[in-house]
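Student: Quick one: structure below, then a few questions.
Coordinate-derived values only; no laboratory data. In this text, all values refer to a predicted model and were calculated from it rather than measured experimentally. Cβ atoms come from the backbone with ideal geometry, glycine included; neighbour counts cover every protein chain shown.
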Amino acid sequence: MRRRLLIGACAAALALPGCGGSSSGGRPSLDVAAAASLQRAFAQIASGFRPARVRLSFAGSDQLAAQIEAGARPDVYAAANEALPRALFAKGLVERPVVFARNRLVLAVPARGARVHSLAGLGRPGVTLAIGSPSVPVGAYTRAVLARLPAAQRRAILARVRTEEPDVSGIVGKLAAGAVDAGFVYASDVRAADLRLRAIALPARLEPVVRYDVAVVRGTPHPGAARAFVAALRSPAGRRVLVGDGFLAP
């Protein structure tokens, strides 16, 4: 029997009762492991997916990739970068990945009472900042941005870091709770925060290229349904959902 993902939660409205079993009424159950920033968009796409009942698990892209390397076998893996799926492909663990969306890294602050109003303001004394851990895509993108800054400004900003989160949801949670003054997240996360956060755009010269890759995991007992889900993400309808949630077309 395939090992299941140990982290993330089943989307109750999409899963079989108790998240058990492999099919229902002739429709297979499809396990999709996806980056935390995809939660809202994937829930909407999965709810209208007819070839299978979709069970969603969300976490940092690096955590999910590590689980697959350790033997976990979801049917589909979607990451917030290209590097992780391509590394799994090189090891023969997934089929060839494809890009299905892009995103933008932004500096997020509370919608009301923000203490930070620009990237330059991050280095001020007393400011607190949340970023992603180095291994998760949002953390890697953040460090790519900071690496392009003058050394003194970069050091001043890094000195304000109060937490390094394992996925972008952790950064959003710290911001929403008022635990930090600012955080680097994706534009889609600000959209999903329902007006609780405001995005500060980064200068174009600093913006990283943020692409999302998806791949069918090798060994899935439902390859047809898994490939159909990948196709659904890249279809006009899937792209409309993703763009409506703050993502960019690939």
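Student: Quick one: length gained pulling Arg227 to Ala151 fully straight, 0.36 nm per residue minus the C-alpha distance? Before the final figure, lay out each step's value.
Tutor: On the way: separation 76, 0.36 × 76 = 27.36 nm, distance 4.55 nm.
Going from the current span to full extension adds 22.8 nm.
Student: Rg (Å, one decimal) plus Dmax (Å, integer) for the alpha carbons of region 67-108?
Tutor: When restricted to the Cα atoms of region 67-108, Rg and Dmax are 12.1, 37 Å.
Student: From the square roots a ≥ b ≥ c of the eigenvalues of the alpha-carbon gyration tensor of region 68-202, which class results: rounded (a/c under 1.5), prolate (a/b over b/c), or oblate? The partial results should precede the final answer.
Tutor: Working: a/c = 2.34, a/b = 1.80, b/c = 1.30.
Taking the square roots of the gyration eigenvalues as a ≥ b ≥ c, region 68-202 is prolate.
Student: Near the amide H of Arg160, under 5 Å away, which other amide H atoms are found, from residues 5 or more places off or on another chain, if H is placed in the peptide plane?
Tutor: none
Student: Hey, if you drop one equal point scatterer on each alpha-carbon of region 32-83 and run the Debye formula without solvent, what base-10 log of I(q)/I(0) do you get at q = 0.18, 0.19, 0.28 Å⁻¹?
Tutor: So the normalised log intensities are -0.55, -0.61, -1.11.
Student: Tell me, in nm to one decimal, what length is gained between Val161 and Arg218 on full extension, where the rule is 0.36 nm per residue of separation less the Cα-Cα distance?
Tutor: Details: separation 57, 0.36 × 57 = 20.52 nm, distance 3.89 nm.
Extra length from Val161 to Arg218 when fully extended: 16.6 nm.
Student: Per-residue counts of other Cβ atoms within 10 Å, averaged by peptide: what ranking do you get for 108-121, 163-176, highest first? Numbers along the way, then the final one.
Tutor: Working: 108-121: 16.1, 163-176: 21.1.
In decreasing order of mean packing, 108-121, 163-176 become 163-176, 108-121.
Student: Where does the chain land at 222 nm, in deg cm²/dmol rounded to the nearest 500, when only DSSP H runs of n ≥ 4 count, each adding -39500 (n - 2.57), divided by all residues? Let's see the in-between values first.
Tutor: Values: 9 runs with 81 residues, N = 250.
So the calculated ellipticity at 222 nm is -9000 deg cm²/dmol.
Student: Is region 200-250 rounded, prolate or oblate when judged by the Cα gyration tensor, a ≥ b ≥ c being the square roots of its eigenvalues, rounded requiring a/c under 1.5 and prolate requiring a/b larger than b/c?
Tutor: Here region 200-250 falls in the oblate category.
Student: List the relative contact order of region 188-250 as a percent without decimals, with contacts defined as Cα pairs under 8 Å and 6+ residues apart.
Tutor: Values: 25 pairs, mean separation 23.3, N = 63.
Normalised by residue count, the contact order of region 188-250 is 37 percent.
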